[in-house]
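What follows is one structure encoded as structure tokens, with my remarks underneath.
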Amino acid sequence: MKLTIFTHVPHCKADNLYYAYAPYVREMNIWGKNVDELVVVAPFSLGNKTAIDSSYSHQKIEFISVSNFDILSVKSILFTILELPGLIWTIFKAMQSADHIHLRCPGNIGLLACIVQIVFPNKSKTAKYAGNWDPESNKPWTYQMQQWILRNTFLTRNMHVLVYGEWEGMTSNIKPFFTASYTEKEVTPVVQKELKGLVDFIFVGTLVKGKHPLYAVQLVENLHLKGYSVRLSIYGEGVERELLEDYIVAHALEKIVSLEGNQAQDIVKKAYRDSHFVVLPSESEGWPKAIAEGMFWGCVPVATSVSCVPFMLDYGKRGVLLEMNLEKDSAQIAAVLQDQTDFDAKRNKAAEWSRGYTLDVFEEEIRKLLNGSRCDF
């Protein structure tokens, strides 16, 4: 079987291997285990691989480079208009030779692929919608268009559309799904963590406004000012780093907030295991991996009520749902900090739930999808 993937994720090449954002590549390597040939249609970058990049492991891989594009300015719109015929033709030819078509949405390449797949109604197809599927949420019109095409069973045929959470009005081709990071072999007893002494918080994610890393800093700062012994470690890079650095210095938080940058998976995994809480005050998520991963290692999750997060946290029984009100949210966390029994109950429930979504289960569900069997999630 030839599996052809269409994604907006930028790729680069080093040592004759193709690299891209590690969580995405790890998932694609699982899909690749079940096929003879892997074709990737994606933008190509001349930049060097980074600490958060990983390589494909498939022995027979073909990379088809396409231009990345956006429609955020007059110049980019003109560029897109000129590039569009070539992009559509490249996507069409790649789909024509594929045995199974796999779309990664939402994204610009995903949008074009959503449109082109309409002319291949008999091809076996899947689409992974990695964003917030909630029909009531605010999102760009390009995302709304992708959702409309994907859930239209007349335009989109012979396709499983994998989304995070269960929503009203889901058509027959929409399948609730999940993302996994760890294997069954990594499941070990949850280590007891006392709330006496220093309490560790961890933030993992891109440092951008939408994920509100500054709010995570302010939460921990507020708890510190209320007399709690707390510390926050921030893993990730992004345009908000300078803002965070300036805030930390201006408020003399150097001893309780550290910026760790991008780190390898093993380092982040150890940080989860050593932390009490994982915090992600994000505006929009699909399946927030940082929250699921922290829960796996026994962190109490602290996150906003977006997408399927309320379901993940069992509406507060497995964690703390943020209201984005500093005093109210600080009070919610403080209540857990003062109650070891509640803390233990939340973290044990969080770990038990997250460990139900392992890579072993994930791989079996993907195998079923590629073989045309019914998915159990």
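Report yes if ILE174 is touching a residue at least 12 places away in the same chain (Cβ under 8 Å), crowded, with 22+ Cβ neighbours inside 10 Å, in contact with a strand residue (DSSP E or B) (Cβ under 9 Å, 6 or more places away or on another chain) and farther than 24 Å from ALA20 by Cβ, otherwise no. Considered against the rule, which asks whether it is touching a residue at least 12 places away in the same chain (Cβ under 8 Å), crowded, with 22+ Cβ neighbours inside 10 Å, in contact with a strand residue (DSSP E or B) (Cβ under 9 Å, 6 or more places away or on another chain) and farther than 24 Å from ALA20 by Cβ, ILE174 comes out as yes. Residues considered: ILE366, ILE291. Of these, the only one that is in the same structural domain as VAL208 (by TED's automatic domain parsing) and either closer than 25 Å to VAL208 by Cα or of a type in the set (A, V, I, L, M, F, W, C) (or both) is ILE291. Please enumerate the residues belonging to segment 283-302 that are closer than 15 Å to ALA216 by Cβ and surrounded by fewer than 24 Cβ atoms within 10 Å (Cβ to Cβ). The answer is GLU283, and nothing else. Checking each residue in segment 154-170 for being surrounded by 14 or more Cβ atoms within 10 Å (Cβ to Cβ), more than 17 Å from the chain's Cα centre (by Cα) and not aliphatic (A, V, I, L, M) picks out THR156, ARG157, ASN158, HIS160, TRP167.
Mind checking whether some residue in segment 130-150 is at positive phi and out of contact with any helix residue (DSSP H, G or I) (no Cβ under 8 Å at 6 or more places or on another chain)? No: segment 130-150 contains no residue that is at positive phi and out of contact with any helix residue (DSSP H, G or I) (no Cβ under 8 Å at 6 or more places or on another chain). For the criterion of being in a loop (DSSP other than H, G, I, E, B) and either among the hydrophobic types (A, V, I, L, M, F, W, C) or surrounded by fewer than 21 Cβ atoms within 10 Å (Cβ to Cβ) (or both), ASN132 fails. Test GLU237 against the stated conditions and say whether it is over 25 Å from PHE311 (Cα atoms) and in a helix (DSSP H, G or I). No, not satisfied.
The set of residues in segment 232-249 that are out of contact with any helix residue (DSSP H, G or I) (no Cβ under 7 Å at 6 or more places or on another chain), surrounded by fewer than 19 Cβ atoms within 10 Å (Cβ to Cβ) and not acidic (Asp, Glu) comprises GLY238, VAL239, ARG241, VAL249. In the condition set (1) at pLDDT 90 or above; (2) surrounded by 15 or more Cβ atoms within 10 Å (Cβ to Cβ), ASP36 is compliant with all but (2).
The residues listed here are LYS75, LYS93, LYS2, LYS49; of these, the one that is surrounded by 14 or more Cβ atoms within 10 Å (Cβ to Cβ), basic (Lys, Arg) and free of Cβ contacts under 8 Å to residues at least 60 places away in the same chain is LYS49. Filtered by the rule that a residue be assigned to a loop (DSSP other than H, G, I, E, B) and either modelled with pLDDT of 95 or more or touching a Gly at 6+ places or on another chain (Cβ under 9 Å) (or both), segment 2-16 gives THR7, HIS8, VAL9, PRO10. The numbered conditions (1) at pLDDT below 95; (2) surrounded by fewer than 21 Cβ atoms within 10 Å (Cβ to Cβ) are all true for ARG273 except (1). Looking at segment 17-95, the strands (runs of 3 or more DSSP E) lying wholly inside it that each contain 1 or more residues that are within 30 Å of GLU364 (Cα to Cα), assigned by TED's automatic domain parsing to the domain that holds GLU364 and touching a Cys at 6+ places or on another chain (Cβ under 6 Å) sit at 17-21. For segment 208-231, the candidate set comprises residues that are among the charged types (D, E, K, R) and under 14 Å from ALA334 (Cβ atoms); within that set, the residue that is surrounded by the most Cβ atoms within 10 Å (Cβ to Cβ) is GLU221. Criterion applied to ASP266, ASP200 was being at pLDDT below 95 and either outside any loop (DSSP other than H, G, I, E, B) or farther than 28 Å from TRP353 by Cβ (or both), and the one residue passing it is ASP266.
The values are calculated or read from the model by the stated rules, or taken from the named source; none is laboratory data. None of these values were measured; they are calculated from a predicted model. Methodologically, a virtual Cβ is constructed for each residue, glycine included, from the backbone with ideal geometry; neighbour enumeration extends over all protein chains shown.
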